[in-house]
Amino acid sequence: MEQGVGKSWRDPELLWKALPSVLLQTTCFVAPLVMTFLLTFQRTRDFQLRWTWDLATWTDVFSKPHYWTILGHTLVMALACVAICLVLAFPIAYGLATRFKTLENEIKILVTFAFITDATLKTFGWVLFLDKKGAANYLLTGLGFPPEMVSFLFTDWATLLGMVYNLLPFAIFTLYLSIDSIDRNLIFAAYDAGASKWRAHWEVTLPLCKPGIFAGSVLIFLLGVGVFLEPKVLGGGTSPMSAELIRQTFETRVNWPLGAALTFVLMVVSVFLVLLFSRVLGMRRSGFGA
């Protein structure tokens, strides 16, 4: 007897199977999201929440360009992190999938070990390395360069360095899975058709890697807009990003409605950009505008 034919959401058996997942998603995601949105219509007075139901918080958000400047800075930093991670991760993932099969497991272990190491420990390690009396300045001074050459601790460059270092494994593994699933016969067929290695790589390998590139880009972007350790530690708090601003709003200023509103703005803008990127990529796949 043929199984699984004609299944639809009207099937009671299918509904009962999906019910636990729906309840879990509703309880752990939708309900907190709704409560956070409702919190944006309240006020705080004397560090206590007042249920007032007005638009004062949203008026504050849209009337002060400071919040939007930080949001724009956050998006630029996240996009820069995505670009750098993809550029660095692609040759590593390509070599891991095609050139270093004998050392594949060892390299995976090293990357995984670096990934699971505590982010706080790694971030403060960069502070020691980039400090004026750290190893970076010592090495460059020994080579004849002035110490000012690497005096970018507590700047956006140091923040970006920490973001790339902590998020790079996500790009490596997503690209590796995409490259490893490519049928090598397609590349050999391109060679037989007279394509050079570069042309075969550009017209065969890269297009087939689009799912991994898209998944890695979205993952790194969403994680990048939510970082707060790197701007605080490596950036010195001189140029905060949205997540750090939200943390300060909740913890230091104890302004929960404002923190909830800033959280929603960050979420909506980030999801919009991801959907826009997905839409553009989908149009290119379908040949629109070709």
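The values are calculated or read from the model by the stated rules, or taken from the named source; none is laboratory data. Bear in mind the structure is a predicted one, so any value in this text is a computation, not a measurement. Here Cβ is always computed from backbone atoms with ideal geometry, including for glycine, and neighbour counts include all displayed protein chains.
Data table
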quantity: Flag if residue 265 is in a helix (DSSP H, G or I) and hydrophobic (A, V, I, L, M, F, W, C); calculated: yes
quantity: Residue ID - surrounded by the fewest Cβ atoms within 10 Å (Cβ to Cβ), chosen from residues in the range 197-218 that are free of Cβ contacts under 8 Å to residues at least 24 places away in the same chain and among the basic types (Lys, Arg); calculated: 197
quantity: Residue, farthest from the chain's Cα centre (by Cα), within the range 219-253, restricted to residues that are more than 24 Å from residue 170 (Cα to Cα), surrounded by 20 or more Cβ atoms within 10 Å (Cβ to Cβ) and free of Cβ contacts under 8 Å to residues at least 24 places away in the same chain; calculated: 249
quantity: Selection from the range 41-93 of residues that are crowded, with 16+ Cβ neighbours inside 10 Å and of a type in the set (Phe, Trp, Tyr); calculated: 41, 58, 67, 90
quantity: Selected residue (criterion: surrounded by the fewest Cβ atoms within 10 Å (Cβ to Cβ)) from residues of the range 95-130 that are part of a helix (DSSP H, G or I) and among the basic types (Lys, Arg); calculated: 101
quantity: Considering residues of the range 139-158 that are exposed (fewer than 15 other Cβ atoms within 10 Å of the Cβ) and assigned to a helix (DSSP H, G or I) only, the residue nearest to the chain's Cα centre (by Cα); calculated: 157
quantity: Residue 268 at pLDDT 90 or above and among the aliphatic types (A, V, I, L, M); calculated: yes
quantity: Residues within the range 180-196 that are charged (D, E, K, R), assigned to a helix (DSSP H, G or I), within 35 Å of the chain's Cα centre (by Cα) and surrounded by fewer than 14 Cβ atoms within 10 Å (Cβ to Cβ), tallied; calculated: 1
